[in-house]
1. Run down Ile65, Ile59 and say which single residue is in a strand (DSSP E or B) and open to solvent by less than 40 Å² (accessible area, probe 1.4 Å).
2. Please go through the range 42-56 and give me each residue that is β-branched (Val, Ile, Thr) and modelled with pLDDT under 95, ordered by number.
3. Going through the range 13-41 one residue at a time, which ones are of a type outside the set (A, V, I, L, M, F, W, C), under 13 Å from Thr51 (Cβ atoms) and in a helix (DSSP H, G or I)?
4. Search the range 42-69 for residues that are farther than 17 Å from Glu16 by Cα and pair each with any residue that is open to solvent by 50 Å² or more (accessible area, probe 1.4 Å) and part of a helix (DSSP H, G or I) when their beta-carbon atoms are under 8 Å apart and the residues are at least 6 apart or on different chains.
5. Please determine whether any residue of the range 57-76 is among the hydroxyl-bearing types (Ser, Thr, Tyr), at pLDDT below 90 and in contact with a Phe, Trp or Tyr (Cβ under 6 Å, 6 or more places away or on another chain).
6. Tally up the residues in the range 94-107 that are assigned to a helix (DSSP H, G or I), out of contact with any helix residue (DSSP H, G or I) (no Cβ under 9 Å at 6 or more places or on another chain) and closer than 24 Å to Ala46 by Cβ, please.
7. Scan the range 26-44 and tell me whether some residue there is of a type in the set (D, E, K, R), open to solvent by 50 Å² or more (accessible area, probe 1.4 Å) and touching a Ser or Thr at 6+ places or on another chain (Cβ under 6 Å).
Amino acid sequence: MKRNGIRVDLARTTDEALTLLDKRRPYGVIVSDWGRTEKGTRISDAGRRFTESARERGIDAPIIIYTSMFGPADTRHEEARQAGATFVTGSTTQLLGELTTLGLLPA
């Protein structure tokens, strides 16, 4: 994404991401994984928790959950959408397609 002129802020934890969002920088899109290790503890639904917290803060930027943890028929897709995710995929091709659709990458 950086090669295409997109500014990327990297956050390794939900708290780091929310701190960046609290600074009210304008984000064209937010990409989060679903599960991650934070402070030595594996949080299997960290992406859902992050998405809910971002929406509770009034963040309306599209949120994409990018994960290989579950397939297309997995019920967690719906869980992510109910939390406020705009798009859920484990495919790099689909991720890049969605970023193109959002106008962040050239067609």
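The values are calculated or read from the model by the stated rules, or taken from the named source; none is laboratory data. Please read these numbers as outputs of a predicted model, since none were measured by experiment. FYI the Cβ positions are ideal-geometry reconstructions off the backbone, even for glycines, and counts take in every protein chain you see. Keep in mind that these areas ignore ligands, DNA and RNA; they rest on the heavy atoms of the full protein, side chains included. Shrake-Rupley method; radii C 1.70, N 1.55, O 1.52, S 1.80 Å.
1. Step by step, each of Ile65, Ile59 is checked, and only Ile65 is in a strand (DSSP E or B) and open to solvent by less than 40 Å² (accessible area, probe 1.4 Å).
2. Residue satisfying the conditions is Ile43 alone.
3. Thr14, the sole residue that qualifies.
4. Hits for this filter: Met69/Arg76.
5. Looking through the range 57-76, at least one residue is among the hydroxyl-bearing types (Ser, Thr, Tyr), at pLDDT below 90 and in contact with a Phe, Trp or Tyr (Cβ under 6 Å, 6 or more places away or on another chain).
6. 4
7. yes
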